[in-house]
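Below is one structure; the comments refer to it alone.
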Amino acid sequence: MDPPFNDMYNTLFYKQITNTDSNVLEVPFSFSVTAVVEEVELPVIDVSLLMDGAKKGREKCKEEIARASREWGFFQVIDHGISMDVLEKMRQEQIRVFREPFDKKSTSDTFSAGSYRWGTPSATCLQQLSWSEAFHVPMTDISDNKDFTSLSSAMERFASESEALAHTLAGVLAEKLERKSNFFKENCVRNTCYVRMNRYPPCPKPSEVYGLMPHTDSDFLTILYQDQVGGLQLIKDNRWVAVKPNPRALIINIGDLFQAWSNGMYKSVEHRVMTNPTVERFSTAYFLCPSYDAVIECSGDCPSYRNFSFREFRQQVQDDVKKLGYKVGLPRFSNHLY
């Protein structure tokens with residue numbers, strides 16, 4: 001049921017050295033994952049106060065969201081309005097579809113071509129390798145699906161409710177910047193937002209391979225529902241820390257576009273997922289993205305980034321990954337040398 005990681009990546013784990021007798025020796029690569037100092041709990045915010053709280057409670061909640069976005073780039077929300085029934089149904093359907101044989105998953109016509117992805121087929125070294133598989137599904141694939149399967153039904157509910165929560169949080173963050181909160185309603189459309197279902201299989205070399213290599217998200221914000229296995233890590237105060245799972249919470253993180261739109265006020269923080277030698281991990285994420293033609297205008301009198309469209313940003317990321325093997329991201333659009 002697993003992708004053929006061993007077949008594909010065997011040559012990355014060993015390099016060939018030919019000795020004087022013309023015998024080929026296989027020597028393991030020396031790459032190892034950075035050790036983590038500690039496990040931390042992200043800021044936890046009760047967002048029900050945005051709807052049901054008194055004015056003082058609403059303002060306190062908004063300030064907590066903005067502060068966490070400035071200081072962490074990540075936070076957790078509880079009492080978020082998405083029922084556990086919706087989340088658990090999503091989890092069950094996700095596990096079921098990942099249990100399909102690899103040949104069936106990789107040729108599935110449930111979603112548009114290219115939705116199923118696994119690993120990093122273009123990786124040239126262990127640092128670029130991700131030991132995971134995913135269904136990367138545009139919102140339009142979900143809403144336009146006429147099969148009405150249990151999977152499409154579960155994804156539609158998860159996506160729709162995540163979309164509403166994402167717009168609420170984005171509106172709060174815009175308000176705290178004193179910028180128009182209707183920007184997201186006008187520019188973040190269904191055909192560029194998407195849901196990603198992730199599975200991280202057990203890995204025989206957890207100290208040498210990432211589940212998902214270090215990166216920042218190329219969106220405005222991400223809503224993540226994860227299981228309790230753990231493995232998500234992020235940069236805080238210039239060091240990697242592990243995120244302690246919270247069964248009651250969804251994880252929110254700021255993406256590159258919000259960092260640029262806020263002139264660096266809100267932080268798009270590098271994060272990664274670690275592998276586990278014995279236990280598989282599942283997560284589902286919703287990504288709030290604008291239309292391809294939407295222009296990201298950096299706020300403030302001294303903008304750190306030039307204006308750019310989402311289409312331009314996306315194309316630059318793809319070009320860098322193809323050429324360099326990794327994403328460069330926002331520094332490409334900086335008004336300052338990097």
Which of the residues spanning the stretch 317-333 are in a helix (DSSP H, G or I) and either in contact with a helix residue (DSSP H, G or I) (Cβ under 7 Å, 6 or more places away or on another chain) or of a type outside the set (D, E) (or both)? V317, Q318, V321, K322, K323, L324, L330, P331, R332, F333
Having 2 or more residues that are farther than 17 Å from K327 by Cβ and out of contact with any Cys (no Cβ under 9 Å at 6 or more places or on another chain) is the bar; report the strands (runs of 3 or more DSSP E) wholly within the stretch 198-316 that clear it. 221-226, 232-236, 239-243, 250-254, 281-288
Only residues that are among the aliphatic types (A, V, I, L, M), surrounded by fewer than 20 Cβ atoms within 10 Å (Cβ to Cβ) and more than 18 Å from N263 (Cα to Cα): list them for the stretch 152-181, please. A164
Within the stretch 17-25, is even one residue at pLDDT below 95 and surrounded by 16 or more Cβ atoms within 10 Å (Cβ to Cβ)? no
Would you say R281 is among the basic types (K, R), touching a residue at least 60 places away in the same chain (Cβ under 8 Å), crowded, with 21+ Cβ neighbours inside 10 Å and over 29 Å from K185 (Cβ atoms)? yes
What pairs come up if the first residue lies in the stretch 284-305 and is over 18 Å from V137 (Cβ atoms), the second is among the basic types (K, R) and in a loop (DSSP other than H, G, I, E, B), and their beta carbons are under 7 Å apart, counting only those six or more places apart or on different chains? S299/R179
Select the strands (runs of 3 or more DSSP E) contained entirely in the stretch 33-142, then report the ones holding at least 1 residues which are touching a residue at least 60 places away in the same chain (Cβ under 8 Å) and polar (S, T, N, Q). 74-78
Taking the conditions exactly as written (buried (at least 21 other Cβ atoms within 10 Å of the Cβ), modelled with pLDDT of 95 or more and among the aliphatic types (A, V, I, L, M)), does V209 satisfy them or not? no
If you take the residues of the stretch 184-195 that are in contact (Cβ under 8 Å) with a residue 60 or more places away in the chain and either aromatic (F, W, Y) or in a helix (DSSP H, G or I) (or both), which of them is nearest to Q259 (Cα to Cα)? F184
Is there a residue being among the basic types (K, R) and buried (at least 17 other Cβ atoms within 10 Å of the Cβ) anywhere in the stretch 66-73? no
Write out, first by first residue and then by second, each pair whose Cβ atoms fall under 6 Å of each other, whose residues are 6+ apart or on separate chains, and whose first residue, in the stretch 248-263, is within 20 Å of I78 (Cα to Cα) and modelled with pLDDT under 95 while the second is not polar (S, T, N, Q) and not in a loop (DSSP other than H, G, I, E, B). R248/I78
Only one of S160, S130, S152 is under 23 Å from S268 (Cβ atoms) and small (G, A, S). Can you tell me which? S130
Can you go through Y305, Y326, Y286 and tell me which one is modelled with pLDDT of 95 or more, within 21 Å of the chain's Cα centre (by Cα) and either surrounded by 19 or more Cβ atoms within 10 Å (Cβ to Cβ) or not acidic (D, E) (or both)? Y286
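The values are calculated or read from the model by the stated rules, or taken from the named source; none is laboratory data. Please read these numbers as outputs of a predicted model, since none were measured by experiment. In this analysis, Cβ positions are derived from the backbone assuming ideal geometry, glycine residues included, and neighbour counts consider all displayed protein chains.
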